[in-house]
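Worksheet: one structure, shown below.
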Protein chains: 2
Amino acid sequence: MNIGDAAKASGVSAKMIRYYEQIGLIPAAARTDAGYRAYHQRDIQRLQFIRRARDLGFAVAEIGELLGLWDDQSRQSADVKRLAEQHIAELDRRIADMRQMAASLRVLIDACAGDDRPDCPILNQLQQAQDEAPLMPETGQGQCLSATSGCHAGKKRQP
Amino acid sequence: MNIGDAAKASGVSAKMIRYYEQIGLIPAAARTDAGYRAYHQRDIQRLQFIRRARDLGFAVAEIGELLGLWDDQSRQSADVKRLAEQHIAELDRRIADMRQMAASLRVLIDACAGDDRPDCPILNQLQQAQDEAPLMPETGQGQCLSATSGCHAGKKRQP
DNA sequence: CTTGACATTCCCACGATGGTAAGGTTTACG
DNA sequence: CGTAAACCTTACCATCGTGGGAATGTCAAG
């Protein structure tokens, strides 16, 4: 089974398969006389594992840990669960960040006439920090628009 | 005002200020005799604009468009609003993707004993595609775990 | 005058993925 | 058998936004 077939069978592109091998996520594949990588059912399974973990948003480093546990017959399911919970916590954090952004932006959008005149609360808001948060909806949490209040969680936008 | 002060005043790191200049997001700063970049209130305002837009999750390219509209006194607020709506739509899409991932993972986590035994539904699920979706909660939507059903929206994880 | 805090440019790195180019191999068809 | 298509290989570059560091130059305070 060549890399192209392995790619089709696993849903991981040939490019990525080589990359995963390079970074050590998968062991170096066997080679044919011509130097072609040869894959077997076992390898396909590992690639599928990787792709499903990617689909769940696990980073490659986390997948490495999952694979380690997968390979470890004496693992404790608690270890796997802990990893997954860490990951879901990270997902939740990012979701919260983005919802915050979306909420702030929604307020501005709703305040914008969207006609042929130049006046625009969106630009106004971006232009100058307001002292407090006058445009915020009453959702309890601050909306992270002001430059004050040190709420610059925006750092890890696509971490 | 040197770049360090501009950085402090705007909340944009000196590194990023130079980068924004390099990619043309801000005009090349004036220079002192020694070659130091010199910033004025006007420039600070532009940098603050950029930082706030970043905090709202706008990509640098989008910020470029926003700045163009900001500079254009004859702009139509509809154009700004359209940009913002495109961006919020993108945010919503990413949020939905991540919520999907989190939901799928939550199901697996809840099914995992998390004790000292090796059996783990999380690894089992990653290991082999199930034909149908037996573990799914009844939330109506499919949970995008199966390798079948072509639901690999996972591609644009951090786009 | 020295020292430390700045500034400059240039290069490298990340993470995960895609593209492309130059060259070798295998396969299918006439 | 010959040739062309379809594959494989490595190697390099790009993305996007950000940080780190080196080598070197400048400014301000002691």
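Is it the case, given these coordinates, that A:Asp110 is over 20 Å from the mean Cα position of the chain (by Cα) and within 11 Å of DNA strand C (Cβ to nearest atom)?
Taking the combined requirement at face value, the residue does not satisfy it.
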* For the range A:47-79, name all the residues that are farther than 18 Å from A:Leu91 by Cα and within 16 Å of DNA strand D (Cβ to nearest atom). => A:Leu47
* Is at least one residue of the range A:38-61 touching a residue at least 60 places away in the same chain (Cβ under 8 Å) and in a helix (DSSP H, G or I)? -> no
* Which listed residue, of A:Gly68, A:Gly11, is within 12 Å of DNA strand C (Cβ to nearest atom) and out of contact with any Pro (no Cβ under 6 Å at 6 or more places or on another chain) -> A:Gly11
* Being outside any helix (DSSP H, G or I) and either surrounded by 10 or more Cβ atoms within 10 Å (Cβ to Cβ) or within 14 Å of another protein chain (Cβ to nearest Cβ) (or both) is the filter; apply it to the range B:4-26 and report the residue that is nearest to DNA strand D (Cβ to nearest atom). => B:Ser13
* Among the residues of the range A:31-46, how many are among the aliphatic types (A, V, I, L, M) and more than 10 Å from DNA strand D (Cβ to nearest atom)? -> 1
* Structure fact -> Going through the range B:30-63 in order, the residues found to be surrounded by fewer than 18 Cβ atoms within 10 Å (Cβ to Cβ) and either more than 14 Å from every other protein chain (Cβ to nearest Cβ) or of a type in the set (Gly, Ala, Ser) (or both) are B:Ala30, B:Arg31, B:Thr32, B:Asp33, B:Ala34, B:Gly35, B:Tyr36, B:Ala38, B:His40, B:Ala59, B:Ala61
* To do: Would you confirm whether any residue within the range B:126-135 is within 9 Å of chain A (Cβ to nearest Cβ) and in a loop (DSSP other than H, G, I, E, B)?
  => yes
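Conditions (1) β-branched (Val, Ile, Thr); (2) farther than 26 Å from B:Arg117 by Cα; (3) surrounded by 14 or more Cβ atoms within 10 Å (Cβ to Cβ), marked per residue:
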site: A:Glu85; (1), (2), (3): no, no, yes
site: A:Ile88; (1), (2), (3): yes, no, yes
site: A:Arg94; (1), (2), (3): no, yes, yes
site: A:Arg99; (1), (2), (3): no, yes, yes
site: A:Asp116; (1), (2), (3): no, yes, no
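Every read-out reported here was derived from the displayed coordinates using simple, explicitly stated rules and does not represent laboratory data. None of these values were measured; they are calculated from a predicted model. All Cβ positions, even for glycine, are placed from backbone atoms using ideal geometry, and neighbour counts span all protein chains on display.
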